[in-house]
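These notes are about the structure you will find just below.
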Amino acid sequence: MKPFQSLIGQEQAVELLMQAVKKNRVAPAYLFVGADGVGKSLAARCFIELLLAEDETAVNKLRTGNHPDVLWVEPTYLHQGQRLTAQEAIEKGLKRKTPPSIRLEQVREITHFLARPPLHAPRNIIVIEQAETMAEAAANALLKTLEEPGNATLILIAPSPDAILPTLVSRCQRIPFYRLSPDAIAQVLVQTGHGEILHHPAILNLAQGSPGNAIAFYTQLQSIPEDLLNSLANIPTTVRGMLEIAKTIDKTLDMEAQLWLVDYLQQIYWQNTHQGAIIQQLEKTRKYLLAFAQARLVWECTLLQIQQLADRR
């Protein structure tokens, strides 16, 4: 398989990384920037495989997540003294009110990892996903590593350069990633077995050129009770109906799902009414939910306001 063959629609990023290897000018640190779900993590894996291409055994170890010279760092939650990735938290059924983050302890582990020479590969390789979630203490600790990485290459992944400290950005070679065209998104979704998403325009609109987000949003959609979605598809008309819907939302959806529902309803109601005031009302809903206001009361007020706005048409 050719390097980056599985990556669709990121020709500029591929060319920059290919040339770096071809000219033997691999940088000590890279910053992969662009919207979530457009291929940054996949590109990192492809790039690492390219760096290890001469050793087939090393590539196989990488693909199984078992290469001793590659460290992949993800944001974590702290639960009962144990760090859990987002996926591990889901598997354990944990409900968290705050997002995961790259912690100071994880940066210290990176430093420890780099303190030894690579065992098999020509260099140690570290990938830090969602680097924007680093607190200032963790970012400052990482800065010391970026200043003297030794025989290593670090890849930071973030949505934009503005999302992380400028001192970190200045020590990385920036690799831009862009949102995909509708045709490219369709190609990714079909190739990954998610072609059914193409029949959900609201999901595609929410994804905004990100096939990864489209898949994540569709998965979230499937987790919401169908009768609740049907109740919300048309703006409720009775006060009793609104109160029952608000009760159901509060009872069945965690905070992350409720925030996602706000985004989804903005798409649905805009398609149905083209009323900017309703979209603005839902933005207020998001604000109140993020401020940890009582969710049931927030949704009761939201649905009442939306119904009144709809009546003014």
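None of the figures in this text is laboratory data; all of them are computed from the coordinates on show. All values reported here derive from a predicted model rather than from experimental measurement. Here the Cβ is made from the backbone with ideal geometry for all residues, glycine too, and neighbour counts use every protein chain on show.
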For this session: With +1 on each Lys and Arg Cβ and -1 on each Asp and Glu Cβ, and nothing else charged, work out how big the dipole of the range 121-223 is about its Cα centre, in Debye to the nearest 20.
Result: 180 debye
Exercise. Which listed residue (Val33, Pro118, Gly81) has the Cα farthest towards the positive end of the charge dipole for the chain, taking +1 on Lys and Arg C-beta and -1 on Asp and Glu C-beta about the Cα centre?
Worked result: Gly81
Seminar exercise, completed: Over the chain, the sum of -39500 (n - 2.57) across DSSP H runs of at least four, divided by residue number and rounded to 500 deg cm²/dmol, gives at 222 nm -16500 deg cm²/dmol
For this session: Compute the distance in nm between two label points, each set 7 Å from the Cα along the Cα-to-Cβ direction, one at Leu78 and one at Lys144.
Result: 1.9 nm
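Please compute the contact order of the chain in relative form: average sequence separation of alpha-carbon pairs under 8 Å and at least six residues apart, divided by the residue count, as a percent. Write out the running numbers ahead of the final one.
Working: 394 pairs, mean separation 60.5, N = 313.
Contact order relative to length: 19 percent.
For the range 11-178, what does the relative contact order come out to in percent, with C-alpha contacts under 8 Å and a separation of six or more?
Numbers: 246 pairs, mean separation 63.2, N = 168.
That works out to 38 percent.
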Seminar exercise, completed: Given unit charges at Cβ for Lys, Arg (+) and Asp, Glu (-), the dipole magnitude of the chain about its Cα centre in debye, nearest 20, is 420 debye
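For an R0 of 41 angstrom, estimate the FRET efficiency from the Cβ-Cβ distance between Glu109 and Lys247 and round to the nearest 0.05.
Values: r = 45 Å, r/R0 = 1.09.
Here the calculated transfer efficiency is 0.35.
At a 10 Å Cβ-Cβ cut-off, how would you order Glu132, Glu226, fewest neighbours first?
With the sparsest Cβ surroundings first, the list reads Glu226, Glu132.
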Problem set entry | Which listed pairs, of Lys40/Lys247; Lys40/Lys144; Lys247/Lys287, have C-alpha distances above 28 Å, in listed order | Lys40/Lys247
Seminar exercise, completed: Here the FRET efficiency for Gln271 versus Leu119, based on Cβ atoms and R0 = 45 Å and rounded to 0.05, is 0.25
Seminar exercise, completed: The farthest towards the positive end of the charge dipole of the range 183-311, of the residues Pro225, Gln187, Ile197, given +1 on Cβ of Lys and Arg and -1 on Cβ of Asp and Glu, is Pro225
Problem set entry | FRET efficiency for Lys92 and Glu11, using Cβ-Cβ distance with R0 set to 30 Å, rounded to 0.05 | 0.15
